[in-house]
1. Test Leu247 against the criterion of being within 14 Å of the ligand (Cβ to nearest atom) and either of a type in the set (A, V, I, L, M, F, W, C) or over 21 Å from Thr88 (Cβ atoms) (or both), and give yes or no.
2. Would you say Gly264 is small (Gly, Ala, Ser), within 13 Å of the ligand (Cβ to nearest atom), surrounded by fewer than 21 Cβ atoms within 10 Å (Cβ to Cβ) and within 25 Å of Arg27 (Cβ to Cβ)?
3. Is there any pair with a first residue in the stretch 157-176 that is over 30 Å from His303 (Cβ atoms) and a second that is assigned to a strand (DSSP E or B) and aromatic (Phe, Trp, Tyr) whose Cβ atoms are under 8 Å apart and which are 6 or more apart or on different chains, and what are they?
4. Scanning the stretch 66-104 for residues that are among the small types (Gly, Ala, Ser) and closer than 21 Å to Pro43 by Cβ, which turns out surrounded by the most Cβ atoms within 10 Å (Cβ to Cβ)?
5. Search the stretch 105-127 for residues being surrounded by fewer than 18 Cβ atoms within 10 Å (Cβ to Cβ) and more than 21 Å from Pro305 (Cβ to Cβ), and hand back the single one that is nearest to the ligand (Cβ to nearest atom).
6. Name the residues in the stretch 273-312 that are within 8 Å of the ligand (Cβ to nearest atom), more than 26 Å from Arg178 (Cβ to Cβ) and at pLDDT 95 or above, would you?
7. What helices (runs of 4 or more DSSP H) lie completely within the stretch 275-391 and have 1 or more residues being free of Cβ contacts under 8 Å to residues at least 24 places away in the same chain?
8. Out of curiosity, is Tyr292 of a type in the set (Ser, Thr, Tyr), surrounded by 22 or more Cβ atoms within 10 Å (Cβ to Cβ), within 30 Å of Glu414 (Cβ to Cβ) and in contact with a helix residue (DSSP H, G or I) (Cβ under 7 Å, 6 or more places away or on another chain)?
Amino acid sequence: MTAEKPSFSAPKGTRDLLPPESWTFQRIARTGMDLFAQAGYAPVDTPLFEHTEVFERGVGATSEVVGKQMYTFIDKGDRSLTLRPELTASVMRAVLEHRLDRGPLPVKLACVGPMFRQERPQKGRYRQFWQIDVEAIGTDSPLADAEVIELATRFYAEIGLPVQMLLNSIGHPGPDCRGAYTQTLVTFLRSHEGRLAPEDVDRIDTNPMRTFDSKAETTIAVMKDAPVITDHLCGACAEHYASVKSLLDALEIVYTEDPRLVRGLDYYTRTAFEFLAGNLGSQSAAGGGGRYDGLAETLGGPHVPGIGFALGLDRILLSLGEAREVTPVRAYVVALGQGAEVEALKLATKLRRAGIGTELDLMVRSMKGQMKDASRSGARYAVILGDDELVAGEATIKDLESGEQERVGFDAIEGRVSE
Ligand code: HAM
């Protein structure tokens, strides 16, 4: 061992997931994947990198994610590749490539994994971060919207994180819907150009709806009076939105309508939603999603509508705070004396084979050291093997919560620690 300072640290904006936080991470990811599987969402995995065009076309060139945040590189075969900044475009690429859209619909998929965006790091904002992503592809029925939103809200409830859900419909890009609205919005923005922040003026022609997301105070003041999309939806989109809301009401799901909610990725159509959690500062979105009925076509495929969401695991962990994690370790075998060591190893193995989480000392510690390590392990019971006990074919079991201890025969250990 050396006292020297290590020469490397993780790259800026990335972090190591270490225990005990990593326990919570695993538990939350498993809770989500199990909950989604229970509604028929199958696990899926796609490559961590894709051809850059998948994101340029799928996520959209005017989005900040594509314009400013992608980790794009040229590989040794002169191909432009990009570390995935999000999963929806990748999942749709996979669905189209493998023609899943021609099989039973909808295609319901869920994935957990890291995403990469070169953003300015701050609390809750990383360059590598984890999402659980859920997609229902091949239907534009409002039932699908209600189903995925219900799953997301139930996930937060199950892990014990209170969230506020914002809901909106951003229509479709046609001239009778978002097209006409965008012109109205551009006219409004032009007439207030002098009061907008310079970066928002730049966005008027490329992505005017993103002005609603501006952090600049002067722009925020202007946007209070801006026309909103929900007043300009076409008949079909308005009807779709009304159906989604009535289904959510039928499920007693609480939401706040926010006609100013716009999402950062260009593929969204109709339903858009976001989940806000406490104590996250400015990065309060702990998840979000929406419909993307035009995405398959922008990737060169047929018309395949879809809806989904992604949960931001890093922000969820931060928002949950420092809750003490329960490890799967139930018993800790303490060995006193050389003869007991091999018996301790055998006993720990036997308990593990019986499905009981068990640790034992691997550092040849003293009795006191082992008891201390037993509490560190999170075990409920210390199973103590000393010379006396070995001769009698027994062990002392100490309940680490109540402090009570008793001697039991070897055969009774398994039953006792699994109580
Ligand atoms: P998104 O809103 O870009 O949507 O990301 C979803 C969530 O990922 C955010 O609400 C946030 O919790 C988390 N997140 C995003 N960027 C970062 C970051 N730099 N650091 C930490 N957490 C972050 C999507 O990605 C869409 N693909 C969701 C979707 C699926 N829409 C339809 N299907």
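1. Numbers: within 14 Å of the ligand (Cβ to nearest atom): no; either of a type in the set (A, V, I, L, M, F, W, C) or over 21 Å from Thr88 (Cβ atoms) (or both): yes.
The answer is no for Leu247.
2. Details: small (Gly, Ala, Ser): yes; within 13 Å of the ligand (Cβ to nearest atom): yes; surrounded by fewer than 21 Cβ atoms within 10 Å (Cβ to Cβ): yes; within 25 Å of Arg27 (Cβ to Cβ): no.
When the stated conditions are applied, Gly264 does not pass them.
3. Val163/Phe275; Gln164/Phe275
4. Step one: of the stretch 66-104, the residues among the small types (Gly, Ala, Ser) are 67, 77, 80, 89-90, 94, 103.
From what is left, the residues that are closer than 21 Å to Pro43 by Cβ are 89-90, 94, 103.
Values: Ala89: 27, Ser90: 25, Ala94: 20, Gly103: 10.
So, considering only residues that are among the small types (Gly, Ala, Ser) and closer than 21 Å to Pro43 by Cβ, the one surrounded by the most Cβ atoms within 10 Å (Cβ to Cβ) is Ala89.
5. Of everything passing the filter in the stretch 105-127, Glu119 is nearest to the ligand (Cβ to nearest atom).
6. Matches in the stretch 273-312: Ala286, Leu311, Gly312.
7. Values: elements: 295-298, 313-320, 338-353, 367-377.
In the stretch 275-391, 295-298, 338-353, 367-377 are the helices (runs of 4 or more DSSP H) which contain 1 or more residues that are free of Cβ contacts under 8 Å to residues at least 24 places away in the same chain.
8. Details: of a type in the set (Ser, Thr, Tyr): yes; surrounded by 22 or more Cβ atoms within 10 Å (Cβ to Cβ): yes; within 30 Å of Glu414 (Cβ to Cβ): no; in contact with a helix residue (DSSP H, G or I) (Cβ under 7 Å, 6 or more places away or on another chain): yes.
Criteria not met by Tyr292.
The values are calculated or read from the model by the stated rules, or taken from the named source; none is laboratory data. Bear in mind the structure is a predicted one, so any value in this text is a computation, not a measurement. Cβ: placed from backbone, ideal geometry, glycine included. Neighbour counts: every protein chain shown.
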